[in-house]
Every structure is written in structure tokens, then in C-alpha cells.
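*Asks:* After the C-alpha cells below, expect a handful of questions from me.
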Amino acid sequence: MSLLDLPPEVLCLILELGSADLPSSGPLTRSSFLLSTSVVCRAMRWPSQSTLLGTVALAKADTANKWLHTTHGEVAYPTWDLELHGIRGGKSGVSAQMASKVLSKAFGVRRLELRDFGRMSVRVLQNDGLRQLTSLHLLTDFPDKPLLYDTLSLPFHLSSLYLFNSSYRPELIHLLFRSASRTLRTLSLSVLQSAPSYPALVTSIPLVSSTLRTLNINHRPSTAFIDSLATCTALLHLATNSTVDIGAVLDAVQCPLETLRIELDYSLEETLRVLHARMGAPSMTKLRRLTVKVLIEGVGDRLDQLRYECHHRTVELVVEMRGVGGMSWGD
């Protein structure tokens, strides 16, 4: 079997991975590479063009209008990755009406990011072009009336959900988590516990607790949210920012983590003390990697005890200094 005998979808994946790290400028760019592979032979044309045209980011009305009216002859290419940016603060962007038209035309969407739409209806998520959607980055809310959400059935089942807004309606939270109750593996939360939808978020965590593998907590969670983590029986990877009470979170998590990522700021000494005290906790017994992002300068040898503890427990320690790449200490 040769490379060309593989299914087109597999060839797309190979080209996507092979071109991911190529620069946007220079002698060999991602675009020039994919254009070159598209003329190798007929079998490579569709995979190459699909990979080239599959990532679409629309942040201006004229760009979105041009995309809507662009055709590629009789060949249709899927939009694997779609970003739509609305109008914010009077600045240029894509209107909700035009964004709805884009979503109606696009098909095969696997990753969708919606940002800053004030008047977009949640009905856009019922689009048939989103049946293959697995990753949703939601930086906007939908102003629909609560009763509408009871009539909706989403055509997709998410594996990754990223929430970056504090104005979500509780009905939206329930809808997203119900539809992903058997498939969600990654959840990232940059929200506020004072938001009206936060109680809905807390009560929705158990819906995905049996499948959730990766959790990123980028806000100060409430006690009720932390308590809900005890239901997450499959959690392997946890990341928190400096506002999180890491001690309370590690106490709540009952399953052994494989990786842990934390941030250290001016409460460095207290956080290190908390980590040291919980190295033998159920959530830390199988830890393989601990990543520490240091947000302050002048740390010096204050991490020596943590390095020793990780070395003793054969845990890889990665220290990321602000403005500097990561430094790793293996076992």
C-alpha cells in the first residue's frame, strides 16, 4: 500500500500535522507547501486544498462577504476550523446575520469559535454543518428566551468545551452539558462565580464527570464547584491559575492525576507549603509531571525543596518563568 492508497481524510490529517509548524512568511510557508502538494497528482489535490481552505477566521464584514461568495468550481471543501468575530465597541466585525449565513454555508466544521455577538440566536448551533463539531470555543452569549432552549436538540456531541464569558444563560449551560454528557473530555473555564449562570455550571459538572479527562480552571471557583470535582472519576490532567485554592481542589479530586499545572504569584510560599503537604494525597499518588508557571521574579532557590520532592517521587518538574521558556527536571 502506498501513501496515495490511504483515505482522503487520513491524507488530510497527515498534511495538517505536517504543515502545522510551518511559518506564515518565508521561503516555505504553510500555504506554499500545501499548494505544492496539491499539484503532485490528482489524488493529492482534494486533501491538499481541503487542508489549505479548511481553516477560516472571519473578523471583518468584507472578508466574510467575500468568503460567502467564493466558489471553487464544482468541488466543495469542508471548513474544519471556523472562527467568527462579532462587532464589539463599535469596531469592525461580522454581524450576527452574516455569521448565521456563514454557518449555513460551512460544512464539516470540527472546531468553532464564536466571539462577541450581541444579537445572535442560539438556533445557529442547530445547523447541519455542525454535525461533526467536537470543539466549541464560546466567547459570546445568546439573547434567546429561556423557553426556546427546551425545544432545541444540538446535532453535535462535544469532546472539548471552552467557556470565556460571564453572561451565559443558565439554560445554555444545561443544554451544552446535556448534549456532551457522554463525550466531553476537555473543559476550560474562564468565568466568574458571581455570574447568574454559575450555579448551573456547578450542577452540570456531574453530567460530564465520567468522561472528563482534562480540566482547566481559570477563575476563582466557589466551594460548591470545588466539591463537585469529587464526582470527576476519570480526571487525569488539571490546570489552575493563581486565583485557585489549589489545596482545596487537590483535596476534592479523588482520582489520581497524571499531570498538574499551577501558577505561582506572591503567595508562592503558601502554595509550595500546600503542595508539599499533599504530595501523598490520592490525587497526587500517580503524578508524572508538575508544571509550575512563576509569575514573579526573584524566586531563586525557593523552589529547591519542590525540586527535591519531585525528584524523590519521580515526578518531572517543569518550571516556566515569565518571559522565559520552560526548564525541566526529570526523575
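The values are calculated or read from the model by the stated rules, or taken from the named source; none is laboratory data. Please read all numbers here as calculations on a predicted model, not as lab measurements. So basically every Cβ, Gly included, is an ideal-geometry build from the backbone, and we count neighbours across all protein chains shown. The protein model used for the area step is the full one, side chains on, heavy atoms only, and it has no ligands, DNA or RNA in it. Shrake-Rupley method; radii C 1.70, N 1.55, O 1.52, S 1.80 Å.
*Asks:* Checking Cys255 against (1) open to solvent by less than 20 Å² (accessible area, probe 1.4 Å); (2) under 19 Å from Met284 (Cβ atoms); (3) touching a strand residue (DSSP E or B) at 6+ places or on another chain (Cβ under 8 Å), which single condition isn't satisfied?
*Replies:* If we test Cys255 against (1) open to solvent by less than 20 Å² (accessible area, probe 1.4 Å); (2) under 19 Å from Met284 (Cβ atoms); (3) touching a strand residue (DSSP E or B) at 6+ places or on another chain (Cβ under 8 Å), just (3) comes out false.
*Asks:* Now a separate question. Considering only the range 258-281, I want to know if a residue exists there that is at pLDDT 90 or above, among the polar types (S, T, N, Q), within 24 Å of the chain's Cα centre (by Cα) and open to solvent by less than 10 Å² (accessible area, probe 1.4 Å). Give the derivation first.
*Replies:* Narrowing the range 258-281 to residues at pLDDT 90 or above: 258-262.
Still in the running and among the polar types (S, T, N, Q): 259.
Next, from what is left, pick out any that are within 24 Å of the chain's Cα centre (by Cα): 259.
Within this subset, residues satisfying the condition of being open to solvent by less than 10 Å² (accessible area, probe 1.4 Å) are none.
No, every residue in the range 258-281 fails to be at pLDDT 90 or above, among the polar types (S, T, N, Q), within 24 Å of the chain's Cα centre (by Cα) and open to solvent by less than 10 Å² (accessible area, probe 1.4 Å).
*Asks:* Could you check the range 98-133 and list, in sequence order, the residues that are among the acidic types (Asp, Glu), within 13 Å of Glu83 (Cβ to Cβ) and open to solvent by 30 Å² or more (accessible area, probe 1.4 Å)? Reasoning before the result, please.
*Replies:* We begin by selecting, within the range 98-133, every residue among the acidic types (Asp, Glu); these are 113, 116, 128.
With the extra rule that they be within 13 Å of Glu83 (Cβ to Cβ), the set shrinks to 113, 116.
Within the range 98-133, Asp116 is the sole residue that qualifies.
*Asks:* Next question. In this structure, does Leu272 turn out to be in a loop (DSSP other than H, G, I, E, B) and within 20 Å of Ala239 (Cβ to Cβ)? Walk me through it before giving the result.
*Replies:* Working: in a loop (DSSP other than H, G, I, E, B): no; within 20 Å of Ala239 (Cβ to Cβ): yes.
Against the criterion (in a loop (DSSP other than H, G, I, E, B) and within 20 Å of Ala239 (Cβ to Cβ)), Leu272 does not qualify.
*Asks:* When you go through Thr211, Thr233, Thr203 one by one, which is the residue that is part of a helix (DSSP H, G or I) and either at pLDDT 90 or above or more than 20 Å from Leu184 (Cβ to Cβ) (or both)? Full working, then the answer.
*Replies:* Working: Thr211 fails: part of a helix (DSSP H, G or I); Thr233 fails: part of a helix (DSSP H, G or I).
Exactly one residue qualifies, and that residue is Thr203.
*Asks:* Another question, if that's okay. What tally of residues in the range 160-178 results from selecting those that are in contact with a His (Cβ under 8 Å, 6 or more places away or on another chain) and modelled with pLDDT of 95 or more?
*Replies:* So the first thing to find is which residues in the range 160-178 are in contact with a His (Cβ under 8 Å, 6 or more places away or on another chain), and the list is 162, 164.
Next, from what is left, pick out any that are modelled with pLDDT of 95 or more: 162.
Final tally of qualifying residues: 1.
*Asks:* Would you be able to tell me the number of residues in the range 304-314 that are of a type in the set (Lys, Arg) and either within 7 Å of Leu290 (Cβ to Cβ) or outside any loop (DSSP other than H, G, I, E, B) (or both)? Spell out the reasoning first.
*Replies:* So in the range 304-314, the residues of a type in the set (Lys, Arg) come out as 307, 313.
After this cut, where a residue has to be either within 7 Å of Leu290 (Cβ to Cβ) or outside any loop (DSSP other than H, G, I, E, B) (or both) as well, the list is 307.
Qualifying residue count, the range 304-314: 1.
*Asks:* Enumerate the pairs (first residue in the range 315-328 and β-branched (Val, Ile, Thr) and part of a strand (DSSP E or B); second residue anywhere and modelled with pLDDT of 70 or more and open to solvent by less than 50 Å² (accessible area, probe 1.4 Å)) with beta-carbon separation below 9 Å, excluding pairs fewer than 6 apart on the same chain, so at least 6 apart or on different chains.
*Replies:* Val318/Leu290; Val318/Thr291; Val318/Val292; Val319/Thr291; Val319/Val292; Val319/Val294; Val319/Leu303; Val319/Leu306
*Asks:* Go through (1) modelled with pLDDT of 85 or more; (2) in contact with a helix residue (DSSP H, G or I) (Cβ under 9 Å, 6 or more places away or on another chain); (3) in a loop (DSSP other than H, G, I, E, B) and name the single condition His72 misses.
*Replies:* Exception for His72: condition (1).
*Asks:* What number goes with the only condition from (1) under 26 Å from Ser160 (Cβ atoms); (2) modelled with pLDDT under 95 that Ala224 does not pass?
*Replies:* (2)
*Asks:* Hey, among Arg88, Arg123, which residue is assigned to a helix (DSSP H, G or I) and among the basic types (Lys, Arg)?
*Replies:* Arg123
*Asks:* Restricting attention to the range 134-192, which residues are among the β-branched types (Val, Ile, Thr), open to solvent by 20 Å² or more (accessible area, probe 1.4 Å) and not in a loop (DSSP other than H, G, I, E, B)?
*Replies:* Residues of the range 134-192 among the β-branched types (Val, Ile, Thr): 134, 140, 151, 173, 183, 186, 191.
From the residues that got through so far, the ones that are open to solvent by 20 Å² or more (accessible area, probe 1.4 Å) too are 134, 151, 183, 186.
Thr186, the sole residue that qualifies.
*Asks:* For residues that are at pLDDT below 90 and touching a helix residue (DSSP H, G or I) at 6+ places or on another chain (Cβ under 6 Å), tally how many sit in the range 121-141.
*Replies:* Result for the range 121-141: 1.
*Asks:* Just to verify a result, which residue in the range 209-235, among those that are of a type in the set (A, V, I, L, M) and out of contact with any strand residue (DSSP E or B) (no Cβ under 7 Å at 6 or more places or on another chain), is surrounded by the most Cβ atoms within 10 Å (Cβ to Cβ)? It would help to see each step written out before you state the result.
*Replies:* So in the range 209-235, the residues of a type in the set (A, V, I, L, M) come out as 212, 215, 217, 224, 226, 229-230, 234-235.
This time we only want the ones that are out of contact with any strand residue (DSSP E or B) (no Cβ under 7 Å at 6 or more places or on another chain), so: 224, 226, 229-230, 234.
Details: Ala224: 14, Ile226: 19, Leu229: 24, Ala230: 15, Ala234: 12.
Among those residues, the one meeting the criterion is Leu229.
*Asks:* What are the residues in the range 21-42 that are surrounded by fewer than 15 Cβ atoms within 10 Å (Cβ to Cβ) and outside any loop (DSSP other than H, G, I, E, B), if any? Even if it seems obvious, please write down each step before you answer.
*Replies:* Residues of the range 21-42 that are surrounded by fewer than 15 Cβ atoms within 10 Å (Cβ to Cβ), as a first pass: 21-29, 31-32, 35-36, 39-42.
The answer is Ser31, Ser32, Leu35, Ser36, Arg42.
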